[in-house]
Amino acid sequence: MEKKTRVLIADDSALMRRTIRKLLEGTGHIEVVSTARDGVDVIEKAEKLSPDVITLDINMPRMDGLTALRKLIRKNIAPVIMISSLTQAGADTTIRALELGAFDCVGKPEGTVTSNMSSVAKDLERKISSAVSSGILERFKRESRGFIKKTRPKKSITTVKPRVKPIKRTQQESRFRAIAIGISTGGPKTIFDVLPKLPKTIDAAVFLVQHMPPNFTSTFAKRIDNNCPMHCVEARSGMIVEPGTIYLGKGGSHLTLIQKRSGEVVVRTPSRPPHMFIPSVDIMMQSVLSVYKEDTIGVLMTGMGDDGADSMVDIKKAGGLTIAESEDSAIVWGMPGEAVARGGAEYVQPSWRIASTILNLI
């Protein structure tokens, strides 16, 4: 008999605790070992029951979710998935929780208390399964604080020798290079191993897709902008692409590009085609490649699934460069691992070496 995943639910609403319990137990492979009504309660029960995964609300009495999260991470009991409202305040706090080390987040579709969690049930189930298999607790044991410790990885990193010649520039397609970055689970923390090291004078534009609910990406863009030399904006249709700028895909819209006859490259943010992830890394990378061709540098980092893996193959075939995050630093070696498996990664580096690799190639 297959062992069930043991989950502890923390939420100050009795309705939410019942709703989430019913959804999870209805999967057949998840056991809810207990529920907690506040931060103090969840820490006590987590220490006693040692669950495989904890779902954590942010707004709770006695001890709020962020304080509880810090204590749970310090105790290294189980990976934590935040369940947050999709309000602006909820987005701000959730982004902070992800930077502190929460494994992932799921948005409550109708605010802080809702019985309509069925619309995100599959997403929550998928993230719980990924959290169990991620090995994140072992990684936390190697960390001394919120960000990844920059030590030499225990396993060897396979790379190819740098190209002797720089990437050949096209005459018409682009004025500068494009760096297309895809990232998901673990991204709000890991991406800061890369972006702060890219100077504002860089002769490239960055196109970034982070799988994230709508209303969260505007907050994330501001945090990036405040903590990086490059200017970061949430991508909006009609923006003219300029070097030294990071264009973050808006939650609920794809990030695509078109090139005008004048040579200007302009952002477009369609909601189609349908995809498991909107924005999608694959759709963004394919669009960037169509404009920048061999001047494209594809970067695929931590995340579940394979979004972006096929596009990394296409970028490499087109003469661009591709970098995949190594298993040594990835919270989940899904997306970058698939790029490696499919032959789409020319360079495989831990997160803290990706920026220097990019700069050496430009």
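Details
- Residue among 337, 263, 249 with the largest mean-square fluctuation in a Gaussian network model of the chain, springs linking Cα atoms under 10 Å: 263
- The alpha carbon radius of gyration of segment 177-361, expressed as a multiple of 2.2 N^0.38 Å, is 0.90.
- Positive-pole candidate from 308, 281, 229, dipole of the chain, charges at beta carbon: 229
- Cross-link reach list, aspartates and glutamates versus residue 200, counting only Cα pairs under 16 Å and skipping chain neighbours closer than eight places: 225, 242
- Taking the Cα centre of the chain as reference, the dipole from Cβ charges on Lys and Arg (+1) and Asp and Glu (-1) amounts to some 820 debye.
- Whole-number D in µm²/s for segment 5-141 (Stokes-Einstein; Kirkwood sum over Cα pairs; 25 °C, 0.890 mPa s): 170
- Exposure proxy shown here: for 21, 261, 342, 353, the number of other Cβ atoms within 10 Å sets the order, fewest to most, as 261, 342, 21, 353.
- Here each label is just a point 7 Å from Cα along the line to Cβ, and for residue 29 and residue 341 those points are 1.6 nm apart.
- Taking label points 7 Å from Cα along the Cα-to-Cβ direction, residue 62 and residue 119 give a separation of 3.2 nm.
- For the chain, the pair-distance distribution built from all alpha carbon pairs, in bins 20 Å wide starting at 0, is 31, 55, 14, 0 percent.
- For segment 284-362, alpha-carbon Rg and Dmax in angstrom: 11.4, 33
- Rounded to 5, the percent of DSSP beta bridges in the chain classed as antiparallel: 10
Read-outs throughout are calculated quantities, based only on the coordinates presented, and are distinct from any laboratory measurement. On a predicted model such as this, the values are computed, not experimentally measured, just so you know. All Cβ positions, even for glycine, are placed from backbone atoms using ideal geometry, and neighbour counts span all protein chains on display.
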